[in-house]
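Readers should treat all values here as calculations from the given coordinates under stated rules, not as data from a laboratory. If you're wondering where the values come from, they're calculated on a predicted model, not measured in any experiment. Positions of Cβ are generated from backbone atoms using ideal geometry, with glycine treated the same way; all protein chains shown enter the neighbour counts.
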Amino acid sequence: MTDIRAMVREDIDAVCAIRVSGWRAAYAGIVPQPYLDAMDAAADAETRRGWFDAGSGRVDNLVASDGAELTGWAALGPYRGEQDGGEVGELYAIYVRPDRIGQGVGRALMDAVRTRATERGFRRLRLWVLADNAPARHFYVRAGFGPDGTDQIEMYNEVPLKELRYAADLD
């Protein structure tokens, strides 16, 4: 059974460990290895503590737990792109511990993200996914998202990687 709740400050170290291990597992062979090797969960935790303590209220951080430990994390908020009248939200991140992938944690987090986005008044939810990340793209399609025809290039250690924007209606 996966429980979903709002993240608290005490979750930051575990969330950062999930984020870094998730990046390393999901993006191996896609993102340059030196970029992945340079990721540091402790340094990420220090940065996130600052963001968390600043408490902008714009970002909802949700965590998944099996009762004993955290198994996943997701963050959502207003879309960071063009102005949309506040009706479009963005899934900024969703990561599951690599040893828990395929056990329903991601699905539970995604369901909670959609519920929270609807509660916030978003009518549409967008996200960015690396074009070469086929497992993630498949997960998003199963969750009701699809490519909307927009793409962008992000640089990772001076290597350009294509990202696709996916979207889903929440009505």
Inverse mean reciprocal Cα-Cα distance (Kirkwood Rh) of the chain, Å: 16.5 Å
Short version: ³J(HN,Hα) in whole Hz for each residue of the stretch 140-148, in order, from phi by Karplus 6.51 cos²θ - 1.76 cosθ + 1.60 (θ = phi - 60°), x for Gly and Pro, what are they? 5, 4, 4, 8, x, 9, x, x, 9
Mind checking the dipole of the chain: about its Cα centre, +1 per Lys or Arg Cβ, -1 per Asp or Glu Cβ, Debye to the nearest 20? 340 debye
Out of the stretch 51-154, which GluC sites (Glu not before Pro) are coil in DSSP terms and have no more than 11 other C-beta atoms within 10 Å? Glu69, Glu82
Going by amide H atoms built from the backbone, whose H comes under 5 Å of the H on Glu90, apart from near neighbours? Gly77, Tyr79, Arg126
Using each residue's phi in the stretch 164-171, evaluate 6.51 cos²θ - 1.76 cosθ + 1.60 at θ = phi - 60° and report the 3J(HN,Hα) Karplus result to the nearest Hz, with x for Gly and Pro. 10, 8, 10, 9, 8, 7, 9, 6
How large is ³J(HN,Hα) for each residue in the stretch 37-45, as worked out from phi by the Karplus curve 6.51 cos²θ - 1.76 cosθ + 1.60 (θ = phi - 60°), to whole Hz, x for Gly and Pro? 5, 7, 5, 9, 4, 5, 5, 4, 5
Within the chain, what's the longest run with no trypsin sites (Lys or Arg not before Pro) in a DSSP loop and at most 12 other beta-carbon atoms within 10 Å? Give the range, please. 81-171
